[in-house]
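Asks: So that we are looking at the same thing, I have put the structure below in structure tokens.
The values are calculated or read from the model by the stated rules, or taken from the named source; none is laboratory data. The shown structure was predicted, so the numbers you read here are calculated from the model rather than taken from an experiment. Quick reminder, even Gly has a Cβ in these numbers, built from the backbone with ideal geometry, and neighbours come from all protein chains shown. Please note that ligands, DNA and RNA were not included when accessible areas were found on the heavy atoms of the full protein model with its side chains. Shrake-Rupley method; radii C 1.70, N 1.55, O 1.52, S 1.80 Å.
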Amino acid sequence: MTAAPPAAPSAERAARARRAPSGRVPLVLLLPALLGLAFLVLPLAGLLWRAPWSTLGTRLAQPHVLEALRLSLVTATLATALCLLLGVPLAWMLARVPFRGVRLVRALVTVPLVLPPVVGGVALLLVLGRRGVVGQWLDAWFGITLPFSTAGVVLAETFVAMPFLVISVEGAIRAADLRYEEAAATLGAGRWTVFRRVTLPLVAPGVAAGAVLCWARALGEFGATITFAGNFPGRTQTMPLAVYLALETDPQAAIVLSLVLLAVSVLVLAALRDRWTGAA
């Protein structure tokens, strides 16, 4: 009696399930697909085509370009750190703590994903501005003024980027095996110890993926930043704002800055391809 053949690996079965049926692809689907691909790819190709490759290094070394690049990297990194500090506990609460209104809280957390960034900037200005609900007390009691400052850039980027981290980490926590946490609890570990020694290591890939997405989103933020923090060179002018300003005075510099942002986006997608695109 012969043994049954071994089952196909799960990845191979999934690939077969995704594979299109054999036969010719209908034109009614192929033509719109190709048009959609062209619509997405041609603008990027045009950016690469018109790039001043011969003077790229010189333009990147210009003081205002380097200053915008430095400020963007610093503020995006600080915003990501703030998102990690606040977003990881928030994601844990949404995933592990049952309470009334959790769906409403989750919806409020994801609002910045669909909210126009300019509206987010106006909302931050009304709350944290010098005459805002909270900002007036910060100014009166501590002399802290957040709008039109580098700290304002960090807060604007944090507001629009944190949902990416929360969604990623919450999904990772929900997918984690509860048995490990329960085993640690039965051995006498407290909630903080379980979170620090068991939960965080289990969801570390999700935290890393969310942090990378958060950083990329913060790096490319424009609307909330210009509304809440303004566009002051050396203080609040990040790379997207520098692109906007350069389009009026030096289009070649705008192309160079756009290439840098495009390269960052491609690197982020390449780093997260297994998690977000399903590529092998």
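Asks: In the range 139-154, how many are surrounded by fewer than 15 Cβ atoms within 10 Å (Cβ to Cβ) and in a helix (DSSP H, G or I)?
Replies: Qualifying residue count for the region: 3.
Asks: Looking for whichever is open to solvent by less than 50 Å² (accessible area, probe 1.4 Å), modelled with pLDDT under 90 and closer than 22 Å to ILE167 by Cα here; the options are GLY129, GLY120, GLY101. Which one fits?
Replies: Checking each option against the conditions leaves just GLY101.
Asks: Is the range 199-208 home to any residue that is within 30 Å of GLY121 (Cβ to Cβ), in a helix (DSSP H, G or I) and either open to solvent by 30 Å² or more (accessible area, probe 1.4 Å) or among the aliphatic types (A, V, I, L, M) (or both)?
Replies: Applying the first criterion (within 30 Å of GLY121 (Cβ to Cβ)) to the range 199-208 yields 206-208.
Now narrow it down to the ones that are in a helix (DSSP H, G or I): 206-208.
Pick out the ones that are also either open to solvent by 30 Å² or more (accessible area, probe 1.4 Å) or among the aliphatic types (A, V, I, L, M) (or both) and you get 207-208.
Yes, some residue in the range 199-208 is within 30 Å of GLY121 (Cβ to Cβ), in a helix (DSSP H, G or I) and either open to solvent by 30 Å² or more (accessible area, probe 1.4 Å) or among the aliphatic types (A, V, I, L, M) (or both).
Asks: Take VAL166 and decide whether it is within 18 Å of the chain's Cα centre (by Cα), buried (at least 22 other Cβ atoms within 10 Å of the Cβ), part of a helix (DSSP H, G or I) and aliphatic (A, V, I, L, M).
Replies: Numbers: within 18 Å of the chain's Cα centre (by Cα): yes; buried (at least 22 other Cβ atoms within 10 Å of the Cβ): yes; part of a helix (DSSP H, G or I): yes; aliphatic (A, V, I, L, M): yes.
It is true that VAL166 is within 18 Å of the chain's Cα centre (by Cα), buried (at least 22 other Cβ atoms within 10 Å of the Cβ), part of a helix (DSSP H, G or I) and aliphatic (A, V, I, L, M).
Asks: Let me ask you something else. Within the range 202-214, is there a residue that is over 22 Å from VAL119 (Cα atoms), in contact with a Ser or Thr (Cβ under 7 Å, 6 or more places away or on another chain) and not aliphatic (A, V, I, L, M)?
Replies: yes
Asks: Hey, another quick one. For the range 234-250, enumerate the residues that are open to solvent by 10 Å² or more (accessible area, probe 1.4 Å) and in a loop (DSSP other than H, G, I, E, B).
Replies: The answer is GLY234, ARG235, GLN237, ASP250.
Asks: Which number in (1) over 19 Å from the mean Cα position of the chain (by Cα); (2) without any contact (Cβ under 8 Å) to a residue 12 or more places away in the chain marks the one condition that THR227 misses?
Replies: Of the numbered conditions (1) over 19 Å from the mean Cα position of the chain (by Cα); (2) without any contact (Cβ under 8 Å) to a residue 12 or more places away in the chain, the odd one out for THR227 is (2).
Asks: While we're on this one: If we scan the range 63-77, do we find a residue that is surrounded by 11 or more Cβ atoms within 10 Å (Cβ to Cβ), more than 30 Å from LEU155 (Cα to Cα) and either basic (Lys, Arg) or modelled with pLDDT of 80 or more (or both)?
Replies: No, that holds for no residue.
Asks: Condition first: among the β-branched types (Val, Ile, Thr) and within 15 Å of the chain's Cα centre (by Cα). Now tell me which residues in the range 85-124 satisfy that.
Replies: If the condition is that a residue be among the β-branched types (Val, Ile, Thr) and within 15 Å of the chain's Cα centre (by Cα), then VAL88, VAL109, THR110, VAL111, VAL114 are the ones that fit.
Asks: Is there a residue in the range 92-112 that is within 24 Å of THR150 (Cβ to Cβ) and in contact (Cβ under 8 Å) with a residue 40 or more places away in the chain?
Replies: Yes: the range 92-112 contains one or more residues that are within 24 Å of THR150 (Cβ to Cβ) and in contact (Cβ under 8 Å) with a residue 40 or more places away in the chain.
Asks: Go through the residues of the range 254-269 one by one and say whether even a single one is farther than 15 Å from ARG70 by Cβ, in contact with a Gly (Cβ under 9 Å, 6 or more places away or on another chain) and among the small types (Gly, Ala, Ser).
Replies: Within the range 254-269, one or more residues are farther than 15 Å from ARG70 by Cβ, in contact with a Gly (Cβ under 9 Å, 6 or more places away or on another chain) and among the small types (Gly, Ala, Ser).
Asks: If you scan the range 179-189, which residues turn out to be open to solvent by 80 Å² or more (accessible area, probe 1.4 Å) and of a type outside the set (Val, Ile, Thr)?
Replies: Taking the range 179-189 as the starting set, the residues that turn out to be open to solvent by 80 Å² or more (accessible area, probe 1.4 Å) are 179-180, 182, 186-187.
If the condition is that a residue be open to solvent by 80 Å² or more (accessible area, probe 1.4 Å) and of a type outside the set (Val, Ile, Thr), then ARG179, TYR180, GLU182, LEU187 are the ones that fit.
Asks: So how many residues does the range 251-280 have that are open to solvent by 90 Å² or more (accessible area, probe 1.4 Å) and either at pLDDT 70 or above or part of a helix (DSSP H, G or I) (or both)?
Replies: Residues in the range 251-280 being open to solvent by 90 Å² or more (accessible area, probe 1.4 Å) and either at pLDDT 70 or above or part of a helix (DSSP H, G or I) (or both): 6 in total.
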